[in-house]
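Step one of this worksheet: look at the structure below.
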Amino acid sequence: MSNPTFLAISGSLRRTSHNTGLLRAVQNLAPDGVTIDLYEELGALPFFDQDLENGPEPAPVADLRRRVREADGVIIATPEYNSAIPGVLVNALDWLSRPADPPVLGVKPAAILGASPSQFGTARGQLILRQILHRMQVPVVAHPEVTVFQSHRRFDSNGGFIGDDVTKSLLRALLAELVTLAERARPACVA
Ligand SMILES: Cc1cc2nc3c(=O)[nH]c(=O)nc-3n(C[C@H](O)[C@H](O)[C@H](O)COP(=O)(O)O)c2cc1C
């Protein structure tokens, strides 16, 4: 695929977030020709309210939907909160799940990953994220599953990725799979 662009969404609003740091690491590891834009306006989205669908589209929602429509897919790094995913991320996904037809993401793929200081590295949260995306009919990279456990050992106090080789190779593999799924999703060109 020529020059794919992906929108990277962190489920954390924390200034020194490990998950945002993980997405910055993916940006730095992306091969030439692959662009990853970091979405940093999650906290500006209003709470989803079905009544708001009858009025003008809130500007932050319009911006998120436009950026997703313009991308070839999304990369979502999620913290695990209470064995699930943060409400701010669910809120963004609720906005992206509407309108259902045509869907905002369409057949474009998603790669998911997450970092947490626990031993589980967001494994439980990612199952829930995968289920939500399945409901939205979004193809999700199946392998590798990137669960960055003991994240306090892999990120510095500013949320910067320290850079261990195992995590780096998983991030590269995840991105390669995402590019493959995006190639499949892009409509075939008619000669
Ligand atoms: C409300 C709340 C609930 C949490 N629940 C879990 C949890 O269920 N499992 C887990 O591994 N970590 C849990 N944590 C710890 C987060 O994984 C940790 O704060 C992580 O660094 C958050 O991601 P971030 O660095 O991207 O902000 C929780 C943290 C908060 C604030």
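The values are calculated or read from the model by the stated rules, or taken from the named source; none is laboratory data. Treat the numbers as computed from the prediction; the structure is a model and nothing was measured. Glycine gets a Cβ as well: all are built from the backbone with ideal geometry, and neighbour counts include every protein chain shown. With ligands, DNA and RNA removed, areas are computed over all heavy atoms of the protein, side chains included. Shrake-Rupley method; radii C 1.70, N 1.55, O 1.52, S 1.80 Å.
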> For segment 49-104, what are the residues that are of a type in the set (Asp, Glu), open to solvent by less than 40 Å² (accessible area, probe 1.4 Å) and away from the ligand (no atom under 15 Å from the Cβ)?
Replying inline: 72
>> If I filter segment 31-46 for residues that are within 16 Å of the ligand (Cβ to nearest atom), part of a helix (DSSP H, G or I) and in contact with a strand residue (DSSP E or B) (Cβ under 8 Å, 6 or more places away or on another chain), do I get at least one hit?
In response: yes
> Hey, among 128, 162, 112, which residue is touching a Lys or Arg at 6+ places or on another chain (Cβ under 7 Å), open to solvent by 50 Å² or more (accessible area, probe 1.4 Å) and without any contact (Cβ under 8 Å) to a residue 60 or more places away in the chain?
Replying inline: 162
> Do we have residue 107 as closer than 19 Å to residue 36 by Cα, surrounded by fewer than 22 Cβ atoms within 10 Å (Cβ to Cβ) and away from the ligand (no atom under 16 Å from the Cβ) here?
Replying inline: yes
> Can you find even one residue in segment 72-85 that is over 17 Å from the mean Cα position of the chain (by Cα) and over 18 Å from residue 106 (Cα atoms)?
Replying inline: yes
> Any idea which residue in segment 4-23 is farthest from the ligand (Cβ to nearest atom), counting only those that are over 16 Å from residue 126 (Cα atoms) and not in a loop (DSSP other than H, G, I, E, B)?
Replying inline: 5
> Inside segment 95-107, can you point out the residues that are modelled with pLDDT of 95 or more and under 26 Å from residue 148 (Cβ atoms)?
Replying inline: 96
>> Please count how many residues of segment 118-145 are under 16 Å from residue 89 (Cβ atoms), of a type outside the set (D, E, K, R) and more than 10 Å from the ligand (Cβ to nearest atom).
In response: 11
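Consider residue 140 carefully, then state whether it is among the hydrophobic types (A, V, I, L, M, F, W, C), in contact with a Lys or Arg (Cβ under 9 Å, 6 or more places away or on another chain) and modelled with pLDDT of 95 or more.
yes
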